[in-house]
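Please treat every number below as a calculation from the coordinates, not as lab data. Only a predicted model underlies this, so the values are computations on that prediction, with no experimental measurement involved. Every residue, glycine as well, gets a Cβ built from its backbone with ideal geometry; the counts of neighbours run over all protein chains shown.
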Amino acid sequence: MPKIDRLSGCSDWVDLSFVERERTPRQLMELGIRLHLAGLSLSNTVRELEKFGVERSRKAVHDWVHKCDLQPA
């Protein structure tokens, strides 16, 4: 399946049940996860989130991906 097919449509496959504190809106957290899984580096993913006014570290984004048990191919 092409990467773009994985990233379009329903977002049920991104499980954000691990979220304890909502410092980052869930939609932007999911966007960060999707961007990184699509192949953006952690630095570029952080830069994209900054466009929405969200300042998170590369480690934070890495932790999101790790905690929802998804890894980039």
* Distance in nm between pseudo-label sites at LYS67 and ARG26 (7 Å out along the Cβ direction from Cα) -> 1.4 nm
* Asked: How high is the relative contact order of segment 26-69, in percent, counting Cα pairs under 8 Å that sit 6 or more residues apart?
  -> 38 percent
* If you project the alpha carbons of segment 26-69 onto their three principal axes, what span does each projection cover, largest first, in Å? -> 26, 20, 16
